[in-house]
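Each remark here refers to the structure printed beneath this line.
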Amino acid sequence: MIVGRAVTKRSLWFVRWISVSSVELNGKQRFAALWGNGDHGRLGHGSLESQWRPNVLPSSAFDNQNLREIACGGAHSLFLTDHGRVYASGLNDYGQLGVSDDRAYITEPLGVAGLPKEIVKVSAGYHHSSAITVDGELYMWGKNTNGQLGLGKKAATVLSIPNKVECLNGVTIKIISLGFEHSIAVTDKGETLSWGGGQSGRLGHGHQSGIFGLIKSDSEYTPRLIKELEGLKVKNASAGMLHSVCISATENGSVHIFGERGNKKLGFSEASNSSLPSMIDGLPYSEKAACGGYHTCVITGGGELYVWGTNENGCLGIGSTDVAHLPERVEGPFLRQSVSEVSCGWKHTAAISGGNVYTWGWGGSHGTFSVDGHSSGGQLGQGNDVDYIKPTKINFPRHVKALQVSCGFNHTGAIFEYI
């Protein structure tokens, strides 16, 4: 029964791709596909069903606009169109969708309210969201219990409509990355700012003593410059669950990490001061970074992929579940073609190489199929919910190529282009 059902799902999956392409093949059409846990409508296809294979969202879901970017959060997704409009679907318990609707969740993409200008970049955290305008202004919304929206200590703990981060007036933001309860931004001058919950040192400011030598609150309620990174001109940054990574445009593309690492999870064989940035040794010139729950990925200038950290469910893709205390290169298909994009979920990873999407790590429920043929997993898009310890290609139709990929807690999305 399971085999028969799986064959039927695969057939329907290819029919869906073919039918969408036959309508939208004119020009360089770009669209989104999502897969994995469907709870709260985070996949945007109008239901709560999980998807073990990529599910296409047609351009009609976005008022017939091409898509530029997707950002997958804890249980919600953000979609950015070529016209600079933002749409959202999924869980809305903290207002993280930014829509003028008080529903607890929304199953189809709905336009985000209150963004007055064209948007060029979006990011989704566990319960909060952000957008950068065409002129570098930053808007934030969602959960704010630890100051992760950067709006000051007096701001509400929940903001369901995008709010401009006014203290950044005159500062041009180029990069934004949202983690579990913290946020990191990079300016046009390469300066790095962080704010929100600072537990485990993930903000990179070091521990501060207050009156009588007591440790002050870890939280930062407005964006604060990471002084240890001054002069490095950061070009890429990523916020994970309990740690953060920045890559410098100088110093040979060096990688700097801060946050949870004293327990030997994040590339340090011995405990060290985790609250200030430290450079990772032994990496070639690096370009991009991605942080997951307790693992880290870096793409080098030559398109090589290096990983380290915990390896639960094989999320490092090195062919085992052994912890990697130091950076280790992911081989397999990436020896033949370079890696252009990478993203980390809680315990799964996705990368783009040669226009194809590869996934590995936690499949959702340890290979246990539920009675009705569905599980809450499937975030690897392989047609099942098992774990994969090596990068495995998702078999898309030949007439599309992947441009961008984003991993949420246990769902995944990508932007594709017809070729």
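The values are calculated or read from the model by the stated rules, or taken from the named source; none is laboratory data. Quick caveat, the model's predicted, so the values are computed rather than measured. Cβ coordinates were reconstructed from backbone atoms using ideal geometry, including for glycine residues, and neighbour counts include every protein chain displayed. Surface areas here come from the heavy atoms of the whole protein model, side chains and all, with no ligands, DNA or RNA. Shrake-Rupley method; radii C 1.70, N 1.55, O 1.52, S 1.80 Å.
Spin-label model, Ala249/Glu49: points 7 Å from Cα along the beta carbon direction are separated by 4.7 nm.
Considering only Val171, Val255, Val186, the mean-square fluctuation computed in a Gaussian network model of the chain, springs between alpha carbons under 10 angstrom, is largest for Val171. The simple Förster model, with R0 at 51 Å and r as the Cβ-Cβ distance, assigns Leu225 and Arg398 a FRET efficiency of 0.60. Potential lengthening of the chain between Asp322 and Asn169 amounts to 50.5 nm, from the contour at 0.36 nm per residue minus the alpha-carbon distance. All alpha carbon pair distances within the chain were sorted into 20 Å bins beginning at 0; the resulting P(r) in whole percents reads 29, 60, 11, 0.
Over 19 Å, how big is the tail of the calculated P(r) for segment 277-419, in percent of all Cα pairs?
In whole percent, the long-distance tail amounts to 48.
Modelled spin labels at Ala104 and Ser338, positioned 7 Å past Cα toward Cβ, are 4.8 nm from each other.
Using a ≥ b ≥ c from the Cα gyration tensor of segment 118-162 (square roots of the eigenvalues), is it rounded, prolate or oblate, where a/c under 1.5 gives rounded and otherwise the larger of a/b and b/c decides, a/b for prolate? Mind dumping the intermediate values first?
Numbers: a/c = 2.48, a/b = 1.74, b/c = 1.43.
Prolate, because a/c is 1.5 or more and a/b exceeds b/c.
With the biggest extent put first, the Cα atoms of segment 281-321 measure 28, 19, 17 Å across the principal axes.
Our note on the geometry: Cα centres of segment 65-136 and segment 316-360, 27 Å apart. Comparing Leu316, Leu403, Leu78 in a Gaussian network model of the chain where C-alpha atoms under 10 Å apart are linked, the largest mean-square fluctuation is found at Leu403.
Per residue, how many Å² of accessible area does the chain show with a 1.4 Å probe? Mind dumping the intermediate values first?
Details: 16450 Å² over 419 residues.
I get 39 Å² per residue for the chain.
First check a/c for segment 124-203, with a ≥ b ≥ c the square roots of the eigenvalues of its C-alpha gyration tensor; if it is under 1.5, answer rounded, and if not, answer prolate when a/b is larger than b/c or oblate otherwise. Oblate, since a/c reaches 1.5 and b/c is not below a/b. Springs between alpha-carbon pairs under 10 angstrom, Gaussian network model over the chain: which of Val400, Val56, Val234 fluctuates most? Looking only at Val400, Val56, Val234, the biggest GNM fluctuation is shown by Val400.
Packing-based ranking of 356-363, 87-94 yields 356-363, 87-94, ordered from highest to lowest mean Cβ neighbour count within 10 Å.
By accessible area, using a 1.4 Å probe on protein heavy atoms only, the chain has 50% of its surface on carbon and sulfur. Helical runs assigned H by DSSP (4 residues or longer) give the chain a calculated mean residue ellipticity at 222 nm of -2000 deg cm²/dmol, each run adding -39500 (n - 2.57) before division by the residue total.
Under the classification rounded if a/c is under 1.5, otherwise prolate if a/b is larger than b/c and oblate if not, where does segment 77-171 fall, given a ≥ b ≥ c as square roots of the Cα gyration tensor eigenvalues?
oblate
Counting only alpha carbon atoms, the long axis of helix 2-24 and the longest principal axis of the chain meet at about 80°.
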